[in-house]
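Working notes, beginning with the structure itself.
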Amino acid sequence: MATNHREEALRYAAQHQQAHLDELIEFLRIPSVSTQPERREEVREAAEWLAQAMRDAGLENARVIDTAGHPLVYSDWLHAGDNAPTVLVYGHYDVQPAEPEDQWRTAPFAPQVDGDYLIARGVSDDKGQVYIHVKAVEAYLHGAGSLPLNIKFIVEGEEEIGGPSLGEFVPQHKELLTADVAVISDSSMMAPDQPSIVYGLRGLCYMFVDVSGPDHDLHSGSFGGGIDNPINVLCHIVANLKDEHGRVLIPGFYDDVQPLDEEERELLAAVAVDENRVLQTTGAPAVWGEPEYSLLERLGARPTLDVNGIVGGYTGAGSKTIIPAAAHAKISMRLVSDQDPHEIAQLFEAYVMELAPPTVEVTITRNGMASPSINDFNTTAVAAASAAYGEVFGKEPLMRREGGSIPVVGDFQKHLGLGTVMMGFGLPDDRIHSPNERFYLPNYFRGIETMICFMDDFARRE
Ligand code: BES
Ligand code: MN
Ligand code: MN
């Protein structure tokens, strides 16, 4: 009977593709940029919209939960019986800023279908992938009358700013979130026909460094040589954070890095990362990084440090001769287990303060923090996910680590003892966080089918 339900759900999904696309477009029109204070109302609007979409899909108890920051969205359907497993679906409805908007070929919040792609901010990261789960549930509940397992959704509006509110919510609502496994679609496949399951994520430690000197910009002729320059100092600090091979120079930075064991090195070696592909995707003239590690290892299993933005002084047309009053940098470190973001923040602060001369004032502020995470992949949930991908895409997924961060995965592990299966449907060239973000539509629909198959398969294995 379960299999029958699965066929009914698949049929329902096939018959409703146009509606599933149209609704996603509506969701994408709401500019839910979590980091921009002026978008606060739109972020809430996206939460309300999603809660309503969940109700329409047949989910119960759908509600918008207020937090100190942006709201959470919860819903569930728990009528599969005590013997059936419970899946917790996580995703995020907030998106990155659209800037620089003039680099978009179509407006970021006016979604456009272009051939096989849907183009809009947040379409791959992560609204489209969240919506896959809502529609897979709808296919069962409207197409077959019931789900083969129990399901809960928790969707946040602060993932792109480090997820502070959900980080607090998880340990305080353990019972509400109890499940056998968490499933997240917020990552990508290797290629349109090659799925992958991500078992490792890097963590993040994000710092702002502000350097101030004189209390106003000075004439560089009158004062140059006598008053220190905040930009020069900031550049000196930044230049000392890393060597030319990509080694981070902060004392103690590598102390808690767990080396890859042979088994994992071999496993990762099987996931060929084509260097040319990376060059093509990025447009960079060459790859770079620690010579003793493979490209894939460098992109997922090694920690890094990067300056994300740096400003100061005069940057308008022409020239201006000044000693600027201030300089600012945003610096992030990607972490691997067992590095602790707060400990790394402390090491960073101590080292930068040591580099800072007494001729300027240096202020360091902690921003987003996320723990790295590694998930066991010898589980029935991963087996069910592999089988589901295999059925829909005709290829078993490859197991790999991912260099990005999803803060809540570590929290699920730590506070709920909950493992996560990351079943991404994006592609490496979706341009997430960049202008012209897109989602390959055939995989939007295959994603819905894959989740339908996963639920059926997982329920039967448990
Ligand atoms: N979906 C990404 C994480 C990701 C990126 C997974 C690429 C797989 C492939 C997520 O939305 C993200 O961008 N996270 C931020 C987290 C940070 C702000 C704490 C990140 O990694 O920069
Ligand atoms: Mn995301
Ligand atoms: Mn993101």
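The values are calculated or read from the model by the stated rules, or taken from the named source; none is laboratory data. For clarity, every value in this text was computed on a predicted model and none was experimentally measured. Because the Cβ atoms are built from the backbone with ideal geometry, glycine has one as well, and the counts that use them run over all protein chains shown.
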Is one or more of the residues making up the stretch 102-111 in a loop (DSSP other than H, G, I, E, B), modelled with pLDDT under 95, among the small types (G, A, S) and under 24 Å from E45 (Cβ atoms)? no
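Against the definition (crowded, with 16+ Cβ neighbours inside 10 Å and part of a loop (DSSP other than H, G, I, E, B)), how does V287 come out, yes or no?
Working: crowded, with 16+ Cβ neighbours inside 10 Å: no; part of a loop (DSSP other than H, G, I, E, B): yes.
It is false that V287 is crowded, with 16+ Cβ neighbours inside 10 Å and part of a loop (DSSP other than H, G, I, E, B).
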Leading residue by the ranking (surrounded by the most Cβ atoms within 10 Å (Cβ to Cβ)) among those in the stretch 54-72 that are touching a strand residue (DSSP E or B) at 6+ places or on another chain (Cβ under 7 Å) and of a type in the set (A, V, I, L, M, F, W, C): M54
Every residue in the stretch 22-58 that is under 19 Å from I154 (Cβ atoms), in contact (Cβ under 8 Å) with a residue 24 or more places away in the chain and among the acidic types (D, E), please. D56
Determine, yes or no, whether Q96 is within 22 Å of the chain's Cα centre (by Cα), of a type in the set (S, T, N, Q) and surrounded by fewer than 21 Cβ atoms within 10 Å (Cβ to Cβ). yes
Whether any residue in the stretch 159-178 is closer than 18 Å to A381 by Cα and touching a residue at least 60 places away in the same chain (Cβ under 8 Å) is what I want to check. yes
Of everything in the stretch 419-443, what is closer than 30 Å to W104 by Cα, more than 16 Å from ligand 1 (Cβ to nearest atom) and within 18 Å of the chain's Cα centre (by Cα)? Give them in sequence order. N436
Taking only pairs six or more apart or across chains, which ones have beta-carbon atoms under 8 Å, a first residue in the stretch 317-339 that is closer than 17 Å to V257 by Cα and within 16 Å of ligand 3 (Cβ to nearest atom), and a second residue that is in a loop (DSSP other than H, G, I, E, B) and modelled with pLDDT of 95 or more? R334/R202; R334/P303; R334/S405
Would you confirm whether any residue within the stretch 34-53 is surrounded by fewer than 22 Cβ atoms within 10 Å (Cβ to Cβ), touching a helix residue (DSSP H, G or I) at 6+ places or on another chain (Cβ under 7 Å) and either in a loop (DSSP other than H, G, I, E, B) or small (G, A, S) (or both)? yes
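One line per residue, one yes/no per condition, for (1) in the same structural domain as R438 (by TED's automatic domain parsing); (2) aromatic (F, W, Y); (3) more than 25 Å from E343 (Cβ to Cβ):
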site: L249; (1), (2), (3): no, no, no
site: R265; (1), (2), (3): no, no, yes
site: L268; (1), (2), (3): no, no, yes
site: G283; (1), (2), (3): no, no, yes
site: G289; (1), (2), (3): no, no, no
site: Y293; (1), (2), (3): no, yes, no
site: L296; (1), (2), (3): no, no, yes
site: S319; (1), (2), (3): no, no, yes
site: A327; (1), (2), (3): no, no, yes
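Is the stretch 123-131 home to any residue that is in a strand (DSSP E or B), of a type in the set (G, A, S) and within 12 Å of ligand 1 (Cβ to nearest atom)?
Quick first cut of the stretch 123-131, residues in a strand (DSSP E or B) only: none.
No, the stretch 123-131 contains no residue that is in a strand (DSSP E or B), of a type in the set (G, A, S) and within 12 Å of ligand 1 (Cβ to nearest atom).
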Filter pass, G390 being among the small types (G, A, S) and within 16 Å of ligand 2 (Cβ to nearest atom): no
Could you figure out which of (1) under 21 Å from R302 (Cβ atoms); (2) within 14 Å of ligand 1 (Cβ to nearest atom); (3) small (G, A, S) isn't true of S337? (2)
Just to verify a result, which residue in the stretch 119-157, among those that are of a type in the set (S, T, N, Q) and either within 14 Å of ligand 2 (Cβ to nearest atom) or in contact with a Gly (Cβ under 7 Å, 6 or more places away or on another chain) (or both), is nearest to R29 (Cα to Cα)? S124
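Please find, among A284, A326, the residue that is touching a helix residue (DSSP H, G or I) at 6+ places or on another chain (Cβ under 9 Å) and closer than 20 Å to M190 by Cα. Let's see the steps before the verdict.
Working: A326 fails: closer than 20 Å to M190 by Cα.
Testing whether each residue is touching a helix residue (DSSP H, G or I) at 6+ places or on another chain (Cβ under 9 Å) and closer than 20 Å to M190 by Cα leaves just A284.
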Do we find a residue being surrounded by 22 or more Cβ atoms within 10 Å (Cβ to Cβ) and more than 19 Å from Y90 (Cα to Cα) anywhere in the stretch 408-425? no
Restricting attention to the stretch 229-246, the residues that are assigned to a loop (DSSP other than H, G, I, E, B) and surrounded by 16 or more Cβ atoms within 10 Å (Cβ to Cβ) number exactly 2
Number of positions in the stretch 384-414 that are farther than 20 Å from S165 by Cα, in contact with a Leu (Cβ under 6 Å, 6 or more places away or on another chain) and among the small types (G, A, S): 1
Of the residues that make up the stretch 412-422, is at least one at pLDDT 95 or above and within 16 Å of ligand 3 (Cβ to nearest atom)? yes
